[in-house]
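Accompanying notes for the structure given below.
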Amino acid sequence: MAVKHNKIGILTGGGDCAGLNAAIKWVVNTALDHRLDKERGVKFEVIGIKEGWKGLSFTPENQAEYTEVLTRDMVAYWDRDGGTHLGTSRYNPYSSKINSSKHVISNIEKLGLDTLIAIGGDDTLGVAAKLSQDGVNVIGIPKTIDGDLVGTDYTLGFETAVEVVTRIVDSLRTTAGSHSRIMVIEVMGRTAGWLTLRSGEASGASIILIPEYDFSMERVNQILSEKRKAGTRYDIVLVAEGAKPSGSKSVTKNAKVDSFGHESLGGIGEYVANSISESLDVESRCVVLGHIQRGGTPSAYDRRMGRYYGIAAVNLAAQKQYGRMVSHLKGKFTSVPIVNVIGKLKLVDIKTMYDVESYNGTRGILSE
Ligand code: F6P
């Protein structure tokens, strides 16, 4: 079989997280493993695109700043690092304000890319789906600390973020206990409560408030005052940035939206902490974790999942299975059409995963 040449472009888009560099490393390692060329019938080359979709809207003058040939030597140690060495952005070539999709497609042709691997969440993969409909050979790799992407049981970055939040809660316990305070910790995750719920379960939070279930401040105060009466010295309350009291809207930092139309959430932690100290005879403090949740050394799980997803993406490229996202479903690696994934959100199932009485994780785990 004649070995064909195939140029892969790879980019990371949206919020950074752990596991991205591992996925890039394993795309490069697998694509450039020339022992496999004969069997695959393809000889790959890999071009790194910097700063997500923004990098593909380069001009002749700045093209060199946004594109770089990747080698196995360059990426050899990347899996140990958080963030993304390719850089990222929230640039949307299909937004009416930017409207650069035609320019992006012509740049993809100019670079001679046969395959484009996009590592991202709903926004980045939404652009990938549109490019796929416009004839570009795209493959997606799922990532987001929010854990809200459908079509896969795992998105890169999630477990490291849970680990980071859990360790921070551990640190806050000593100061909360010393001062006999209630610590309210605001956690990221946009409109999904996965990160807050799983970190709250791992860290043993007294109360976990998530966007999927509007809470009552009276009930929060009641739970906390019962705990005090029962002798607790301090309590930890985890609140998702998108959580809200019933009858209210999510709290936003300002009126701005990004190029995908997302508001910047934040402020609910302060509201909960103030309401607690106003109603109970106890001091409360709010800690907003912010972007610290996206940092840190990637967990072993994110390094492994980045590796497996990277390998799977190149497997798809070798089989010319375009327009698909690699995924991990029910313990198996597979792929799903990207169009089936975008524009939907996977949210916490209140019925099976959340205890609406105690505002905490479910007490019933077995499904059958
Ligand atoms: O989607 C990931 C995420 O970290 C959300 O949890 C958070 O609301 C948002 O990104 C923050 O975005 P930015 O980095 O643009 O401030």
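The values are calculated or read from the model by the stated rules, or taken from the named source; none is laboratory data. Remember, predicted model here, so these are calculated numbers, not experimental data. FYI the Cβ positions are ideal-geometry reconstructions off the backbone, even for glycines, and counts take in every protein chain you see. Just so you know, the surface numbers come from the protein's heavy atoms only, side chains and all, with ligands and any DNA or RNA stripped out. Shrake-Rupley method; radii C 1.70, N 1.55, O 1.52, S 1.80 Å.
What to note about this one:
- All strands (runs of 3 or more DSSP E) inside region 41-154 with 1 or more residues being modelled with pLDDT of 95 or more and out of contact with any Gly (no Cβ under 9 Å at 6 or more places or on another chain): 42-49
- Considering residues of region 265-281 that are closer than 28 Å to residue 122 by Cβ and surrounded by 20 or more Cβ atoms within 10 Å (Cβ to Cβ) only, the residue farthest from the ligand (Cβ to nearest atom): 272
- Pairs where the first residue, in region 260-275, is farther than 19 Å from residue 98 by Cβ and in contact (Cβ under 8 Å) with a residue 12 or more places away in the chain and the second is part of a helix (DSSP H, G or I) and open to solvent by less than 50 Å² (accessible area, probe 1.4 Å), C-beta under 9 Å, 6+ apart: 266/290; 271/217; 272/217; 272/220; 275/217; 275/220; 275/221
One line per residue, one yes/no per condition, for (1) open to solvent by 50 Å² or more (accessible area, probe 1.4 Å); (2) within 16 Å of the ligand (Cβ to nearest atom); (3) farther than 30 Å from residue 95 by Cα:
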site	(1), (2), (3)
200	no, yes, yes
207	no, no, yes
213	yes, no, yes
217	no, no, yes
221	no, no, yes
259	no, yes, no
263	yes, yes, no
283	yes, no, yes
290	no, yes, no
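- Filtered residues of region 125-150 (kept if among the polar types (S, T, N, Q) and within 16 Å of the ligand (Cβ to nearest atom)): 144
- Among residues of region 313-334 that are on the phi < 0 side of the Ramachandran plot, those with a beta-carbon under 7 Å from a residue that is in a helix (DSSP H, G or I) and not hydrophobic (A, V, I, L, M, F, W, C) at least six positions away or on a different chain give the pairs 314/30; 318/40; 322/132; 326/309; 333/308.
- Considering residues of region 281-290 that are touching a residue at least 60 places away in the same chain (Cβ under 8 Å) and not in a strand (DSSP E or B) only, the residue farthest from the chain's Cα centre (by Cα): 282
- Subset of region 151-190 [open to solvent by less than 30 Å² (accessible area, probe 1.4 Å), more than 17 Å from residue 208 (Cβ to Cβ) and within 16 Å of the ligand (Cβ to nearest atom)]: 152, 154, 155, 156, 157, 160
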